[in-house]
Amino acid sequence: MTRTVYVNGEYLPEDEAKVSIFDRAFLMADGVYEVTSVLGGKLIDFAGHAKRLERSLNELDIKKPAVFDDLLEIHRELVRVNDIEDGLVYLQITRGAPGDRDFVFPDPETTEPTVVLFTQNKPGLADSPAAKTGMKIISIEDVRWGRRDIKTVQLLYPSMGKMMAKKAGADDAWMVQDGHVTEGTSNNAYIIKGNTIITRALSNDILHGITRAAVLRFAREAQMQVEERNFTIDEAKEADEAFITSASAFVMPVIEIDGVALGDGVPGARTARLREIYLDESRKAAI
Ligand code: PMP
């Protein structure tokens, strides 16, 4: 089945969808995105993603596209026409294509933002084997720009980070700035000591994960302690458990950091419990 995508008001087969070579995202990574997961044909935490999208647009002074209020309907339509039971919906909004290349932002009166959405079909997304086996991660220096709270399409370094991990025989990388872990290449990072979850506090240094917000809320409701503070890779190696969160991985255990096994070297019980609660509650609230 050919995938149907959405581009600037039209639903099209993917091979007929086109964006200008002068699009600011192509030339300058001048665009933002969101990823919303689909479980059982329904969207997980759509409201949270829409809110963060609006914030990303505001922070970059990108005009809110006229279609903004229809985004839920567009997500649902793509899920429907592509017959997605479990999967992901990617959304990208760029500053548009002014018809030439210039560092100066185009006039928003005459250049409309580009809006693109596409789906990925991922049957069994919530039953990923990695949830049972756990992930191995390496640490790398965080050399990204200083506004990681904005979800831009500027993903080259995270992509390089994944390649560094792969080359090292690991699954992903945690990035380190001034000796402290910021986040994973495409996820937020956590360690657990006893009954306490430790994760970096929100700032411009990390993406304000939608999954992070939900998981910390569920953790507090389940009587776990939450400390939002910096931690080092050395502290992480000594932790009882570690995990990551993202809209596509949900809650995923980490079992090894820079070659050092955590705890018993298998996914931890608290991480498994958090994953279960997150998936149960998210499915209940899905729309
Ligand atoms: N940090 C980074 C750098 C990410 O790319 C992502 C996933 N897009 C996250 C954190 C997790 O955010 P969310 O839970 O909203 O998917």
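Looking only at residues of region 175-206 that are in a loop (DSSP other than H, G, I, E, B) and touching a Ser or Thr at 6+ places or on another chain (Cβ under 9 Å), we find that the one that is nearest to the ligand (Cβ to nearest atom) is 186.
Look at region 110-133: where a residue is part of a loop (DSSP other than H, G, I, E, B) and a partner is of a type in the set (Lys, Arg), sitting 6+ places away or on another chain with Cβ atoms under 8 Å, you get 111/95; 112/63; 113/63; 113/64; 113/95. Among the residues of region 157-210, those that are out of contact with any Pro (no Cβ under 9 Å at 6 or more places or on another chain), β-branched (Val, Ile, Thr) and buried (at least 20 other Cβ atoms within 10 Å of the Cβ) comprise 181, 182, 191, 192, 197, 198, 199, 206, 210.
Of the strands (runs of 3 or more DSSP E) that lie entirely inside region 1-92, those containing 1 or more residues that are among the charged types (D, E, K, R) and closer than 28 Å to residue 156 by Cβ span 31-39. Any residue that is surrounded by fewer than 17 Cβ atoms within 10 Å (Cβ to Cβ), under 21 Å from residue 147 (Cβ atoms) and aliphatic (A, V, I, L, M) - is there at least one of those in region 61-70? Looking through region 61-70, none of the residues is surrounded by fewer than 17 Cβ atoms within 10 Å (Cβ to Cβ), under 21 Å from residue 147 (Cβ atoms) and aliphatic (A, V, I, L, M). Residues of region 118-128 that are surrounded by fewer than 17 Cβ atoms within 10 Å (Cβ to Cβ) and farther than 18 Å from residue 162 by Cβ: 121, 123, 124, 127. Residues in region 152-174 that are in a strand (DSSP E or B) and β-branched (Val, Ile, Thr): 152 only.
Of the residues making up region 145-174, those that are under 25 Å from residue 256 (Cα atoms), within 12 Å of the ligand (Cβ to nearest atom) and not small (Gly, Ala, Ser) are 155, 157, 158, 162, 172, 174.
Of the residues making up region 232-265, those that are within 16 Å of the ligand (Cβ to nearest atom) and not in a strand (DSSP E or B) are 247, 248, 249.
Each value in this text was obtained by applying a stated rule to the coordinates, not by laboratory testing. Because the structure is predicted, anything quoted here is derived from the model rather than measured. Cβ: placed from backbone, ideal geometry, glycine included. Neighbour counts: every protein chain shown.
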